[in-house]
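The structure appears right after this line, and notes come after that.
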């Protein structure tokens, strides 16, 4: 019993440390007075944080990544949510086929997704760039959105909609007043996951981006020559922003709950 | 809680409307849930639909609510045909078995939901008054998940009642509550119904609940109404074995009509003579099933001396329940007969005793001879 | 809210299923599903078919580099398979080891967050964010960081050499170990999150009940916790194994060119460096098929419907 009590927190805690080691490293080296290559410690400086766009292409690639991420996420979330709703609520022929079409992208390694899309784009003669990446990201994010939201839709109590209808809400109103608000947390979670995956994707992007630079691609390309310390600034900042946004959200909802309990 | 009900209710007493079902049938893919049901519930009645699970009572309720469309037949409320009207346009509200409270809204928003859909300018104020009525005004800002089962039940009730529907449907709303809370809520529901004067349709599988609360009870079985009437009438004079067994307990015996005199039928039950009033019998000749309620039977160690309506047997089980003692007596040629006696003086018999069982002829009732004796017995 | 099975509870469940079983008919469903499915058909299904076709292309005599004509050259498959079967096997081997390691590391993490910290929602929330937030610091940046942390002149390698765990001329980077460690690290969140989602629903009173029925902690873990988190483990292993098998960033950054090359690297270089489209396409297809076969066997053997 003693062993069991300590085993989980110790191993779990160490695993979290393991997860965070490179991030701490990235953070520390974002203060390195690195010059060209950020491989060894050369002294502390604020310069990189004061001027994160100082190194060429860092901020451009970041802006590109954000743009692709937001657009692909919006499209994937909208289309995916509609599919999830349609599949759970309506009758279809070819349901099995549809299921395969949705699940298969999840069971396909990124290289293959990237390679097949590249083959398609080459075949169509499309120029690789912003839109080809958006399309590629939309495809792999959409499957995630469908699976996440579908689980949410099918766990939704259908009697809630009946109750809404019983209380004079038309089907449209019942959807917007009851169904949608209840699905929203799932949709938001799916969208955040989509954005994270799009933002962090390298392999599929690498196949379909041509000369278009994204943040991961920029780092991969610079890795051989030396990654500028500004990239560490961006990586750390993104991590911290993500952390803060969610933690603040958590605290707000936690406070709300506490307050409600007091009433 | 009941004492302060009146002041919080609006001064104008809204009354319910007649509900009528004509030849309503509901078929699902493989089976018929409701068969040619005819039903007339007069305005202001507390009406209970009683039956075992799967008897079609919930389907009937869902058709009245508009959540299910009848395959055949028509439904009208207050004289207006609503058969093709979608749920959200019917003057009907439901208290769902699972309550179906909206988890993302506060209690007050839940109660105001229907009023807002009807664009009632005083939705919030009326919702608050509705919560006052069920004594939950102080919890108006909570989310449903933060309430106990009984509180959720009251919110569901308030949410339906504030709309002043012409017909209020209750789908086993007390099913999830524990026994004590259930009794309390039964009383409250009954009081509220009397106060507001709405037509209540209450679906339940609990016969005791149906009898305590309802003005009229309809016993449903396999998609049909077996018998309908005031609780006492149903209990005292069941017309089918199902009703006799499902509503309380009955002792049923097979026999054959041998004679008829002075409005009484004489029935031969395994060699013994049982008298039964002709107007209490479904049929007056041939094979019949004679029934008598356990509490109508007197158990005694000595014979009453009467030539009719007396059986003899051996006590095989005695169980003490507090106010009464229940006996199970094995009567040769007939089977087991149950009865009980009030725990007043001494105990009339013990296991193994030879006893006499007798009752007044007026308490007998007669059913059709082809009835299954165990129909409606709860397993 | 916890569920107790009562008579009414059961009939509730049934009526819920009954309602759901009755899916609506109508056009709206088609309108909802059609646009998304069209995107999937045009940019997933069709490309796979194009890829299949491309894998059979032939190089006409005297053609320039990168010039191919449609054909039906099944020999492409034999060529790439005989040349690259070691990389293919290695990819699956690395992915398998990484998946097992991620499960061993990830399960305690998920259990810690989902069960042990159930009463501390704030800490639970923070740890949960820490699982997802690394995505935003770029996985290539983190892999590169590992490369530098494990570098020969780095603190860890020096220490290991000092205590003679690592021979003086040994390396941590540019080894299979580094690649597998990188794979494990990068796909860890994909393992933890599904298990977390499953353990979050675990009713700890079941463990108390098991203890009450004379089960030792190890026993109740094996008989209750593990089976009840099986769908999460199932999803987690798939979400780790599939991308790990196709990954090439870890092998490229943390490996060497001798005994760590993975199939993804080969596909990438066939496409972009050698400009051998049919070969790359054939390899992609082989990779996809072998993963589908492995996954199908896995689902048949351990599968639950949860994933679908």
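Yes or no, residue by residue, for (1) touching a strand residue (DSSP E or B) at 6+ places or on another chain (Cβ under 6 Å); (2) over 19 Å from residue C:135 (Cα atoms); (3) more than 12 Å from chain B (Cβ to nearest Cβ); (4) in a helix (DSSP H, G or I):
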{"position": "A:153", "(1), (2), (3), (4)": "no, yes, yes, yes"}
{"position": "A:172", "(1), (2), (3), (4)": "no, yes, no, yes"}
{"position": "A:189", "(1), (2), (3), (4)": "no, no, yes, yes"}
{"position": "A:210", "(1), (2), (3), (4)": "no, yes, yes, no"}
{"position": "A:240", "(1), (2), (3), (4)": "no, no, yes, yes"}
{"position": "A:255", "(1), (2), (3), (4)": "no, yes, yes, yes"}
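Out of the residues in the range C:227-238 meeting the condition of being surrounded by fewer than 21 Cβ atoms within 10 Å (Cβ to Cβ) and within 14 Å of chain A (Cβ to nearest Cβ), tell me which one is farthest from residue C:143 (Cα to Cα).
For the range C:227-238, the residue satisfying everything is C:231.
Which condition breaks for residue A:71 when tested against (1) within 24 Å of the chain's Cα centre (by Cα); (2) closer than 28 Å to residue C:196 by Cα?
(2)
Of the residues that make up the range C:35-54, is at least one touching a helix residue (DSSP H, G or I) at 6+ places or on another chain (Cβ under 6 Å), under 29 Å from residue C:257 (Cα atoms) and not in a helix (DSSP H, G or I)?
no
Check residue A:128 against each of (1) facing another protein chain (nearest Cβ under 7 Å); (2) outside any helix (DSSP H, G or I); (3) at pLDDT 90 or above and name the one condition it does not meet.
Every listed condition holds for residue A:128 apart from (1).
Could you give me the residue pairs with C-beta distances under 7 Å whose first residue belongs to the range C:249-273 and is closer than 13 Å to residue C:284 by Cβ, whose second residue is assigned to a loop (DSSP other than H, G, I, E, B) and modelled with pLDDT of 90 or more wherever it lies, and which are 6+ apart or on separate chains?
If the second residue must be assigned to a loop (DSSP other than H, G, I, E, B) and modelled with pLDDT of 90 or more, the pairs left are C:264/C:247.
Which residues, taken from the range A:1-58, are free of Cβ contacts under 8 Å to residues at least 60 places away in the same chain, surrounded by 14 or more Cβ atoms within 10 Å (Cβ to Cβ) and within 13 Å of residue C:149 (Cβ to Cβ)?
Selection gives A:18, A:20, A:21, A:22, A:25, A:28.
What's the total number of residues in the range B:100-113 that are more than 17 Å from residue A:179 (Cβ to Cβ) and surrounded by 24 or more Cβ atoms within 10 Å (Cβ to Cβ)?
3
Of the numbered conditions (1) free of Cβ contacts under 8 Å to residues at least 12 places away in the same chain; (2) closer than 27 Å to residue C:128 by Cβ; (3) facing chain C (nearest Cβ under 8 Å), residue A:92 satisfies every one except a single condition; which is it?
(2)
Go through the range A:4-44 residue by residue and tally those that are part of a helix (DSSP H, G or I) and farther than 15 Å from residue C:134 by Cβ.
13
Is there a residue in the range A:178-190 that is free of Cβ contacts under 8 Å to residues at least 40 places away in the same chain, in the same structural domain as residue A:104 (by TED's automatic domain parsing) and buried (at least 23 other Cβ atoms within 10 Å of the Cβ)?
Yes, some residue in the range A:178-190 is free of Cβ contacts under 8 Å to residues at least 40 places away in the same chain, in the same structural domain as residue A:104 (by TED's automatic domain parsing) and buried (at least 23 other Cβ atoms within 10 Å of the Cβ).
Considering only residues of the range B:187-227 that are farther than 29 Å from residue B:367 by Cα and part of a strand (DSSP E or B), which is farthest from the chain's Cα centre (by Cα)?
Across the range B:187-227, the extreme among qualifying residues is B:199.
Keeping to the range C:92-114, report how many residues are within 8 Å of another protein chain (Cβ to nearest Cβ) and surrounded by fewer than 18 Cβ atoms within 10 Å (Cβ to Cβ).
Qualifying residue count, the range C:92-114: 0.
Just for helices (runs of 4 or more DSSP H) wholly inside the range C:121-165: which have at least 1 residues that are more than 21 Å from residue A:37 (Cβ to Cβ) and more than 9 Å from chain A (Cβ to nearest Cβ)?
In the range C:121-165, the matching helices (runs of 4 or more DSSP H) lie at C:121-132, C:155-162.
Only one of B:40, B:50 is in contact with a strand residue (DSSP E or B) (Cβ under 7 Å, 6 or more places away or on another chain), more than 8 Å from chain A (Cβ to nearest Cβ), crowded, with 20+ Cβ neighbours inside 10 Å and more than 24 Å from residue A:168 (Cβ to Cβ). Can you tell me which?
B:50
Applying the selection to the range A:61-89, what residues are closer than 15 Å to residue C:31 by Cα, more than 7 Å from chain C (Cβ to nearest Cβ) and either touching a strand residue (DSSP E or B) at 6+ places or on another chain (Cβ under 7 Å) or modelled with pLDDT of 90 or more (or both)?
Correct list: A:78, A:81, A:84.
Out of everything in the range C:212-232 that is assigned to a helix (DSSP H, G or I) and touching a helix residue (DSSP H, G or I) at 6+ places or on another chain (Cβ under 6 Å), what residue ends up being nearest to residue C:189 (Cα to Cα)?
C:232
Among the candidates A:153, A:112, A:88, A:147, single out the residue that is closer than 24 Å to residue A:206 by Cα and touching a helix residue (DSSP H, G or I) at 6+ places or on another chain (Cβ under 9 Å).
A:112
Take the residues in the range C:137-161 that are free of Cβ contacts under 8 Å to residues at least 24 places away in the same chain and surrounded by 21 or more Cβ atoms within 10 Å (Cβ to Cβ); name whichever of them is farthest from residue C:178 (Cα to Cα).
Across the range C:137-161, the extreme among qualifying residues is C:137.
I need a count of the residues in the range C:272-289 that are touching a helix residue (DSSP H, G or I) at 6+ places or on another chain (Cβ under 7 Å) and in a helix (DSSP H, G or I).
Of the residues in the range C:272-289, 12 are touching a helix residue (DSSP H, G or I) at 6+ places or on another chain (Cβ under 7 Å) and in a helix (DSSP H, G or I).
Within the range C:247-266, track down each residue that is over 15 Å from the mean Cα position of the chain (by Cα), part of a helix (DSSP H, G or I) and under 20 Å from residue C:148 (Cβ atoms).
Correct list: C:251, C:252, C:253, C:254.
Report, by residue number, each residue of the range C:84-119 that is farther than 17 Å from residue C:229 by Cα and in contact (Cβ under 8 Å) with a residue 24 or more places away in the chain.
C:84, C:87, C:88, C:90, C:91, C:92, C:94, C:95, C:96, C:97, C:98, C:101
I'm checking my understanding of the structure. Among residues of the range B:71-97 that are crowded, with 22+ Cβ neighbours inside 10 Å and in contact (Cβ under 8 Å) with a residue 40 or more places away in the chain, which one is farthest from residue B:165 (Cα to Cα)?
Per the criteria, the residue is B:97.
Among residues belonging to the range C:198-218 that are within 11 Å of chain A (Cβ to nearest Cβ) and more than 29 Å from the chain's Cα centre (by Cα), point out the one that is farthest from residue C:100 (Cα to Cα).
C:211
When you check residue A:98 against the structure, is it assigned by TED's automatic domain parsing to the domain that holds residue A:158, in contact with a helix residue (DSSP H, G or I) (Cβ under 9 Å, 6 or more places away or on another chain) and buried (at least 23 other Cβ atoms within 10 Å of the Cβ), yes or no?
no
The values are calculated or read from the model by the stated rules, or taken from the named source; none is laboratory data. Every value quoted in this text rests on a predicted model; they were computed, and no experiment measured them. Please note: Cβ atoms are built from the backbone with ideal geometry, for glycine as well, and neighbour counts cover all protein chains shown.
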